[in-house]
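Asker: Starting off with a structure, shown below.
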Amino acid sequence: METRTLGRTGRDVSVVGLGTWQLGADWGDVDHDEALAVLDAAVEEGVTFFDTADVYGDGRSEQLIGEYLRSRPDADIFVATKMGRRVDQDPTNFTMDAFRAWTDRSRANLGVDTLDLVQLHCPPSAVFSDERVFEDLDTLVQEGAMAAYGVSVETVEEALIAIRRPYVASVQIIFNAFRLKPLDEVLPAARAAGVGIIARVPLASGLLSGRYTADTTFAADDHRTFNRSGDAFDVGETFSGVDFETGVRAAQEFADLVPEGVEPAQAAIAWILAQDGVTSAIPGARNVKQARGNAAAAQVVLPEGFDAGVRDIYDRLLRDEIHPRW
């Protein structure tokens, strides 16, 4: 497994990480033993980077990772968590007292004294321009509550503001074959500033796996059922903000580009990793097979013309379908 330096953290992480939202909530049920097996399978395949958040299952995801780390003290795993979604999304709620409470809770859940990386979890846009917020985060680094901090963003504009901050270590952004806008400005700006880029929703909520049809249904407690219009949280987190039927059609064309012997999901991850400026992609996995298959994407070499095919699909089917917010 190739590793790359995660921006200003100075730490090397695997190019394929593991997103763990699905181990907490909103993707249907994943039981305790299966969740730990997913973590273990990923590590066996060379994954050294877990991404979580304090709201995934109200802390369940963090707690599962903490339990796994205690069972594998030999594993050198970098854990990025996120904070800021436990309150109403009012910029005045992003205070030092709140930051202390959230980081203390995450440290307890993960069983660590110092968090490797804490990311602001898609806060209101005004937060990115608030000098006091970043001064408070600097203080928590100085005090040892966290080793570094970054941001998770919804828009290109938010990413560019964050990249200009001198101590922001990384930016997490939705980036995949169905969401190409970060290519134009975000990746070049991050490279120039030495900021790491974490590509989230790399499979467009599973669309790019090629397993869905227009008739596919999901469990009632799966965000792919209840958040298609952004009723629960930002619509970009579900199918990358693409209409489901349009996404299925685009995914079928994407699968036609994939070389024999490679799974569409692996090709989708490999395409992200081939973009200059990306540090790591963080697909989720609900079972061991998915975890191993995603990790194997690090070894995939895509054929000449694949990138052009991706851009053609985007231009013809998706450019005008993406929600105007992006």
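No lab work stands behind these numbers, since they all come straight from the coordinates. Keep in mind it's a predicted model, so treat the numbers as computed, not measured. Note that each Cβ is placed from the backbone with ideal geometry, even for glycine, and that neighbours are counted across all protein chains shown.
Asker: Per residue of segment 205-222, in order, report the coupling 6.51 cos²θ - 1.76 cosθ + 1.60 (Karplus, θ = phi - 60°) as ³J(HN,Hα) in whole Hz, putting x for Gly and Pro.
Answerer: Ordered by residue, 3J(HN,Hα) equals 6, x, 3, 6, 6, x, 8, 9, 10, 4, 9, 5, 10, 10, 4, 4, 8, 9 Hz.
Asker: Follow-up. At 7 Å along the Cα-to-beta-carbon direction for both Ala37 and Glu131, put a label point, then send me their distance in nm to one decimal.
Answerer: Each label point is offset 7 Å from its Cα along the Cβ direction, giving 5.4 nm.
Asker: Still on this structure, please answer the following. Once you have the alpha carbon radius of gyration of segment 1-103, what is it after dividing by 2.2 N^0.38 Å, with N set to its residue count? Show your work: numbers first, answer last.
Answerer: On the way: Rg = 14.8 Å, N = 103, 2.2 N^0.38 = 12.8 Å.
Ratio of Rg to 2.2 N^0.38 Å for segment 1-103: 1.15.
Asker: Please give the Cα centre distance for segment 1-43 versus segment 52-82, rounded to the nearest Å.
Answerer: 9
Asker: Enumerate the amide H contacts of Phe78 below 5 Å, restricted to partners 5 or more residues apart or on another chain; note that Pro and chain-start residues carry no placed amide H.
Answerer: Phe49, Phe50
Asker: Angle between the Cα long axis of helix 244-257 and the longest principal axis of the chain, 0 to 90 degrees, nearest 10?
Answerer: Long axis of 244-257 versus the principal axis of the chain: about 70 degrees.
Asker: So what J values fall out for segment 262-270 if you push phi through Karplus, 6.51 cos²θ - 1.76 cosθ + 1.60 with θ = phi - 60°, rounded to Hz, Gly and Pro as x?
Answerer: Per residue, the Karplus-derived 3J(HN,Hα) values read 10, 6, x, 4, 5, 5, 5, 5, 4 Hz.
Asker: While we're on this one: Could you please report the charge total around Gly309, scoring K, R as +1 and D, E as -1 over all other residues with beta-carbon less than 13 angstrom from its beta-carbon? Don't jump to the answer; show the numbers that get you there.
Answerer: Details: positive: Arg311, Arg316; negative: Glu253, Asp256, Glu304, Asp307, Asp312, Asp315.
That sum, taken over residues with Cβ under 13 Å, equals -4.
Asker: Quickly work out the Glu157-to-Val87 label distance, labels modelled 7 Å from Cα along the C-beta direction, and quote it in nm with one decimal.
Answerer: Using points 7 Å along Cα→Cβ, the separation is 2.4 nm.
Asker: Then there's this: Val301 to Thr114: FRET efficiency via 1/(1 + (r/R0)^6), r the Cβ-Cβ distance, R0 30 Å, to the nearest 0.05? Present the calculation step by step, with values, prior to reporting the outcome.
Answerer: Working: r = 38 Å, r/R0 = 1.26.
After rounding, the FRET efficiency stands at 0.20.
Asker: Once every DSSP H run of n ≥ 4 in the chain is given -39500 (n - 2.57) and the sum is divided by its residues, what mean residue ellipticity at 222 nm do you get, rounded to the nearest 500 deg cm²/dmol?
Answerer: -10500 deg cm²/dmol
Asker: Per q in 0.07 1/Å, what log10 I(q)/I(0) does a Debye calculation on the alpha-carbon atoms of the chain return?
Answerer: Taken in order of the listed q values, log10 I(q)/I(0) reads -0.25.
Asker: Right, something else. Placing one identical point scatterer on every Cα of segment 98-203 and ignoring solvent, what is log10 I(q)/I(0) from the Debye formula at q = 0.12 Å⁻¹?
Answerer: Once normalised to I(0) and log-transformed, intensities are -0.41.
Asker: Please list, in chain and number order, the residues 5+ apart from Tyr149 or on another chain whose amide H is under 5 Å from its amide H, with Hs placed from the backbone.
Answerer: Excluding prolines and chain starts, which carry no amide H, the hits are Val118, Ala169.
Asker: Calculate one ³J(HN,Hα) per residue across segment 137-144 by plugging θ = phi - 60° into the Karplus curve 6.51 cos²θ - 1.76 cosθ + 1.60, and present them in order as whole Hz with x for glycine and proline.
Answerer: Along segment 137-144, the couplings run 5, 4, 4, 5, 5, 4, 7, x Hz.
Asker: Now a separate question. Determine Rg/Rh for segment 193-308; Rg is computed over alpha-carbon atoms and Rh is the Kirkwood hydrodynamic estimate from the same atoms. Don't skip to the end; give the middle numbers.
Answerer: Numbers: Rg = 14.5 Å, Rh = 15.0 Å.
Checking Rg against Rh, the ratio lands at 0.97.
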